[in-house]
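Derivation of every value follows stated rules applied to the coordinates shown; laboratory data play no part. The structure presented is a predicted model; accordingly, all values stated were derived computationally and were not measured. Positions of Cβ are backbone-derived with ideal geometry, glycine not excepted, and every protein chain shown enters the neighbour counts.
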């Protein structure tokens with residue numbers, strides 16, 4: 001067995017998880033995502049919520065309500081990762097907000113758990129997961145959903 005190859009793989013994995021940026025949408029999503037991430041033991045975690053701003057059009061929800069959703073999500077995530085830092089972005093384009101936040105906090109990886117929804121939901125939402133992966137300038141890791149489905 002080639003232990004030097006195994007050691008170099010271990011170093012790469014450790015570097016990959018040096019600082020994970022983890023976007024979350026809701027309190028429930030934050031809990032599920034934190035639970036899915038926990039077994040991988042990232043060294044540093046920043047949990048992110050993107051408040052969708054209208055930029056010239058009405059906001060989907062009032063900003064104050066969106067900020068409360070973010071605070072609740074951050075608190076839920078910290079149940080598993082008490083030292084997680086939080087980051088709030090205000091953007092119309094959620095993917096651009098995630099990628100800008102990754103730059104701002106100097107994340108080594110963006111880690112997310114795909115949201116529930118079938119192909120029609122993905123099509124209607126523009127499949128943000130695919131867009132995130134396509135536009136990222138750093139590794140993007142999709143965590144398995146509970147039960148692997």
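Of note:
- Here segment 61-115 is treated as an ellipsoid with the same Cα gyration tensor; its semi-axes, largest first and in whole Å, are 18, 17, 11.
- Averaged over residues, the count of other Cβ atoms within 10 Å places the peptides 94-102, 127-135 in the sequence 94-102, 127-135, highest first.
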